[in-house]
Structures are given as C-alpha cells and as structure tokens.
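In what follows, a single structure is set out as structure tokens and then discussed.
The values are calculated or read from the model by the stated rules, or taken from the named source; none is laboratory data. Just so you know, these numbers come straight off a predicted model, no measurement behind them. Here the Cβ is made from the backbone with ideal geometry for all residues, glycine too, and neighbour counts use every protein chain on show.
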Amino acid sequence: MIDIYLLADSDVHKFHVACQRADMKPVEHPFWERLPLTDVFLSITPDILHQMLQGMVKHLIGWLTEIFGSAEIDARCCAMPPNHNIMLFTKGISNLSQVSGHEHKKMCSILLGLIVNLPVPGGHDSSHIVKAVCSLLDFLYIAQYQCHTSDMLDRLQGCLAAFHEHKMVFLELGAQENFNLPKLHSLSHYVSSIRLFGMTDNYNTEQSERLHINLMKNAYCASNHKDEYPQITLWLEHCEKVQQHAKFIEWRQQDDQQTPQVQKPIGPPCAQTLRVVMA
C-alpha cells in the first residue's frame with residue numbers, strides 16, 4: 001500500500017491504475033492529513049453490528065455451510081425444539097437473503113448446537129472447527145459486556161488468540177481462501193478501544209441503525225420503486241408535517257381542557273405557625 005501511494009508523486013496515471021487493482025481509493029491527501037493533534041485511526045471504533053454480527057458471524061456461517069453442507073445445517077435447524085429464548089429457523093439458514101443483525105444474533109445462540117458431533121466430509125477432525133466457533137462466539141459475547149475488568153479484557157484477548165490458533169482449519173477444508181479481512185483485523189483493536197472509550201455499546205451503530213426502518217425502508221415501500229429519492233424525501237416531509245400538526249392539536253386540546261385557576265387575593269403578610277414534623 002505504501003508503494004502504491006508513493007506513485008502519486010511521480011505518475012498520477014499509474015497511481016490511479018494501481019489503486020484500482022488493489023481495490024483502494026485514489027486519495028492522495030486525505031482531509032485529516034493536516035489536522036493538528038488528530039489520530040484519525042482512533043475514530044474507527046469497534047462496531048458490534050457491522051464488524052461482528054454482519055461481518056465475522058456472517059463469514060463464519062458461510063464457512064460452516066461450505067464445510068458441512070447446507071442440507072445438513074438446515075436439517076438441524078428444522079430439528080431444533082421450540083424454546084422461548086431462541087428464534088426457530090424452520091426453513092434453515094442457508095437460503096436466507098438480506099439477513100438482519102438481529103437474525104444473525106439469534107443464529108449465534110444455536111450455531112454451536114448445529115455443528116457439535118457433526119461429521120466432517122473426508123474424515124477430518126472437527127475439534128478445531130468447534131474450538132474456532134467457540135472462541136469467536138465467546139469474543140462476541142464478552143465484547144458486549146456492560147462492565148469490564150482487566151482480567152475480562154485479558155480473557156477477551158485470549159478468545160481472539162484462540163480463534164487465530166484454530167482458524168487455519170477453514171483454509172485446509174477449502175471454506176476460505178485467505179484471512180485478509182478488514183473486519184477480522186478490527187477485532188485486534190477492541191481491547192485498546194474499550195480501555196480508551198469504555199464499553200462497546202457506547203459506539204455501536206445498532207442504535208442508530210434502527211432509524212433506517214423509519215426513515216428509509218418504510219419510505220421506500222411507500223414509493224413506486226422508480227426514481228425513489230425525490231419520493232422518499234417528499235414522503236418524509238409529509239410525515240413531519242403530520243406529526244407537527246398532531247402535536248399542535250394535542251397542545252390545543254390540553255389547553256382547552258384545563259380549568260381556569262381562580263387567583264387568590266393578595267392580602268397583608270401574616271405570621272404562620274411553624275411546626276417541626278418528624279418522620
């Protein structure tokens with residue numbers, strides 16, 4: 001990457017071509033280059049939703065489906081008994097499209113049960129697969145704790161080290177070609193970010209992601225799905241006006257229901273008897 005950016009000073013055309021081949025943005029001077037006292041890399045904080053649930057967990061489910069087969073994984077999903085604390089995937093998980101973070105979170109609660117004692121094609125040992133899945137799930141759950149100690153952060157780092165120790169089984173079985181995954185690299189910064197900024201729920205995008213349903217998905221469904229941007233903007237504007245008018249009507253109704261208060265005449269000041277009341 002450094003060699004590619006060094007081309008920007010000599011040949012701009014080669015720089016753009018090299019960036020395109022490396023799947024990088026051809027930005028020679030980023031906006032934060034001259035900002036004083038700024039470390040832009042600290043602004044990239046852990047994100048449980050996109051880095052873990054929609055990132056590594058999504059990759060992990062794909063690897064397991066590739067190894068054990070979608071038919072076997074879906075069959076175990078269908079055989080899962082009903083429970084109040086889990087979501088039942090009666091049609092399996094391999095054919096799902098546009099899986100949300102909430103659904104990936106529910107898959108994590110049953111993922112280990114889907115692969116335990118499941119034979120690996122070719123007679124390979126499945127212990128490394130189970131250990132890799134356990135370590136990554138432990139990392140996910142420990143990272144979401146609302147309170148951390150130094151020992152717990154050491155355990156979090158140990159879970160990541162255990163996953164790196166057993167992850168090569170996915171390469172050996174052909175489920176993944178390499179581990180050059182930015183979301184996997186981001187897990188190495190979780191401990192330092194928690195020490196600097198506190199718990200991961202302080203900067204998890206799962207809270208703000210909820211606004212996509214109200215401000216984008218519902219608005220898109222109200223359009224005709226053609227040239228939808230101006231329709232979504234107009235739909236949101238109408239919704240805001242309706243909400244403002246509803247608040248105005250509610251305020252006027254409350255004002256009309258209030259009974260007029262009779263003002264007491266102001267008389268001359270008089271001494272009041274003081275009493276001490278004990279509980």
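In table form, for the structure just shown:
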read-out: Residue within the range 199-207 that is at pLDDT below 80, within 20 Å of the chain's Cα centre (by Cα) and among the polar types (S, T, N, Q) present; value: yes
read-out: Qualifying positions in the range 116-159 - touching a helix residue (DSSP H, G or I) at 6+ places or on another chain (Cβ under 6 Å) and modelled with pLDDT under 90; value: LEU118
read-out: Out of SER70, SER94, SER126, SER100, sole residue that is hydroxyl-bearing (Ser, Thr, Tyr), within 18 Å of GLN176 (Cβ to Cβ) and under 24 Å from the mean Cα position of the chain (by Cα); value: SER94
read-out: Any chance CYS239 is assigned to a helix (DSSP H, G or I), surrounded by 15 or more Cβ atoms within 10 Å (Cβ to Cβ) and assigned by TED's automatic domain parsing to the domain that holds LEU140; value: no
read-out: Subset of the range 129-166 (residues that are surrounded by 18 or more Cβ atoms within 10 Å (Cβ to Cβ), more than 20 Å from the chain's Cα centre (by Cα) and under 24 Å from ASP74 (Cβ atoms)); value: ILE129, ALA132
read-out: Residues satisfying the stated conditions in the range 51-98, i.e. more than 22 Å from TYR141 (Cβ to Cβ), assigned to a helix (DSSP H, G or I) and not polar (S, T, N, Q); value: GLU66, ILE67, PHE68, ALA71, GLU72, ASP74, ALA75, CYS78
read-out: Pair list, Cβ < 6 Å and 6+ apart or interchain, from the range 210-221 residues that are closer than 11 Å to TRP235 by Cβ to residues that are in a helix (DSSP H, G or I) and hydrophobic (A, V, I, L, M, F, W, C); value: ALA219/ILE232; ALA219/TRP235; ALA219/LEU236
read-out: Any chance ALA161 is among the hydrophobic types (A, V, I, L, M, F, W, C) and out of contact with any Phe, Trp or Tyr (no Cβ under 8 Å at 6 or more places or on another chain); value: yes
read-out: Spans of helices (runs of 4 or more DSSP H) in the range 99-206 with at least 1 residues touching a residue at least 12 places away in the same chain (Cβ under 8 Å), polar (S, T, N, Q) and outside the structural domain of MET56 (by TED's automatic domain parsing); value: none
read-out: Subset of the range 1-44 (residues that are acidic (Asp, Glu) and exposed (fewer than 10 other Cβ atoms within 10 Å of the Cβ)); value: ASP3, ASP9, ASP23, ASP39
read-out: Flag for ASN214 being closer than 30 Å to TYR141 by Cα, out of contact with any Cys (no Cβ under 6 Å at 6 or more places or on another chain) and outside any helix (DSSP H, G or I); value: no
read-out: Residue count for the range 1-50, restricted to those that are under 26 Å from the mean Cα position of the chain (by Cα) and either in a helix (DSSP H, G or I) or of a type in the set (A, V, I, L, M, F, W, C) (or both); value: 10
read-out: Among residues of the range 73-88, those that are under 21 Å from the mean Cα position of the chain (by Cα) and surrounded by 13 or more Cβ atoms within 10 Å (Cβ to Cβ), counted; value: 2
